[in-house]
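Shown next, in structure tokens, is the structure this report addresses.
Please treat every number below as a calculation from the coordinates, not as lab data. Since this is a predicted model, take the numbers as computed values, not measurements. Cβ atoms come from the backbone with ideal geometry, glycine included; neighbour counts cover every protein chain shown.
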Amino acid sequence: MGKMAAAVGSVATLAAEPGEDAFRKLFRFYRQSRPGTADLGAVIDFSASRGSGPGARKVVRFQLSVSSVSDHDAHRAGLQPVSKWQAYGLQGYPGYQWHWVKQCLKLYSQKPNVCNLDKHMTQEETQDLWEQSKEFLRNKEVNKRRPRSLLEKLRWVTLGYHYNWDSKKYSADHYTPFPSDLAFLSEQVAAACGFQGFRAEAGILNYYRLDSTLGIHVDRSELDHSKPLLSFSFGQSAIFLLGGLKRDEVPTAMFMHSGDIMVMSGFSRLLNHAVPKVLPSPQGESLPCCLETPLPTVLPRDSVVEPCSEEDWQVCTRYLKTARVNMTVRQVLATDQDFPVEPMEEKKRDITTEGFCHLDDENCQVKRVKLNPDS
Ligand code: OGA
Ligand code: MN
């Protein structure tokens, strides 16, 4: 009997909520789980030696398309040759993770990209979150009482076709250029997984604090579900729950560590998933060891990743000690497809009652609550 059964047993001891589905039940279990205890015994760890541990029978090696990406293009994107990747948890050169973390914090958070702070602040106030926050973050003396810097209040950023959280749609008239370095990385990863010609058209970046969760959802707003959804994780580890097509299927729990890439494609493209827990680092506020490696000094001439300065690195370090950053990249339209023309009436009606909260903070003042269909 595996530890899976043990965890399921523990879940059963939670006070039952009326009408609660299997996914929600496990979501609650992990949200209140205590790291370092048997609570996490059933969480699959792809980074642990393969073929052992709970749920290992669920872990299979996936055949990558080694010939689709040249070693040089992989290197340009800061990745190892595809032949060295492990299909259940792709690991890049550790040092390169800094490039993406820095881009998420310093560059992608800037205009014209859209972020959660835009709703409450002027363009001027959100002009340069990095510049406004870096002194705060670099300051060694940790003043717990100081107000949170803007970077620490950042929860999400959208890229390319900007996802509309209310209508749950992308639209042709809300587009800004997708970052070319992230597009290149995504194309290489997709090609290695057998998806040649993947186009990075939309991105959602999630910035998690230790008390953040991501609610149960399915990413179905993209118009072509035959294209994969790529997800890159950095910083503190998290528990990721992957469920079924319906919420009453018990989800599988797995760790997402820094540098892990998840590709949701085929059958798994439309599965329910959630992040009920970001795990604090085991030895207080420290970084995963793969982030301690400095950047290589020699990069290909046409590299899309660039070295991260000592100064920038310090700010990222400070930030990541209590945070997780996740980038998801999506192709929205099929080749030669256009957005459907929508009459105004329909746009109104499409605000659904499902009311799913995206990144939810325990201490967040403005919680996303169920949308009233009449409002
Ligand atoms: C998403 C998502 C997962 C994660 O942004 O749609 O599912 O690991 N993110 O943060
Ligand atoms: Mn998702």
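Please work out whether the stretch 200-253 counts as rounded, prolate or oblate from its C-alpha gyration tensor, where a ≥ b ≥ c are the square roots of the eigenvalues and a/c under 1.5 means rounded, while otherwise a/b larger than b/c means prolate and anything else oblate? Could you put the intermediate results ahead of the total?
Details: a/c = 2.07, a/b = 1.11, b/c = 1.87.
In terms of gyration-tensor shape, oblate.
Remark: Lys25, Lys227 ranked as Lys25, Lys227, counting other beta-carbon atoms within 10 Å and listing the fewest first.
What ranking of Leu245, Leu270, Leu150, Leu230 emerges when the number of other C-beta atoms within 10 Å of each C-beta is taken as an exposure proxy, fewest first?
Values: Leu245 11, Leu270 14, Leu150 21, Leu230 26.
Listed from fewest to most nearby Cβ atoms, that is Leu245, Leu270, Leu150, Leu230.
For a quick protection proxy, order the peptides 207-213, 333-339 by their average other-Cβ count within 10 Å, most packed first.
Numbers: 207-213: 20.3, 333-339: 11.4.
Averaged packing, sorted descending, gives the order 207-213, 333-339.
Look at where the Cα atoms of the stretch 104-159 and of the stretch 228-246 average out, and the two centres are 24 Å apart. Structure note, pairs Lys102/Lys153; Lys168/Lys227; Lys169/Lys227; Lys106/Lys321; Lys84/Lys227; Lys106/Lys227: Cα-Cα distances above 21 angstrom occur for Lys84/Lys227; Lys106/Lys227. One decimal place: the segment Asn139-Ser268 gains 42.1 nm when fully extended, by the rule 0.36 nm per residue minus the C-alpha distance.
Using the average count of surrounding beta-carbon atoms within 10 Å as a protection proxy, the listed peptides 296-304, 247-255 rank, highest first, as 247-255, 296-304.
With a ≥ b ≥ c the root eigenvalues of the C-alpha gyration tensor of the stretch 222-269, is it rounded (a/c under 1.5), prolate (a/b larger than b/c) or oblate?
Oblate is the answer for the stretch 222-269, as a/c is 1.5 or above yet b/c matches or exceeds a/b.
Scoring 101-110, 319-328 by mean Cβ neighbours within 10 Å over their residues and listing the highest first yields 319-328, 101-110.
Using a simple spin-label model with pseudo-atoms 7 Å out from Cα toward Cβ, Asp338 and Thr176 lie 2.6 nm apart.
Counting other beta carbons within 10 Å of each residue's own, what order do Glu124, Glu292 fall into, fewest first?
Numbers: Glu124 7, Glu292 11.
By the 10 Å Cβ count, ascending: Glu124, Glu292.
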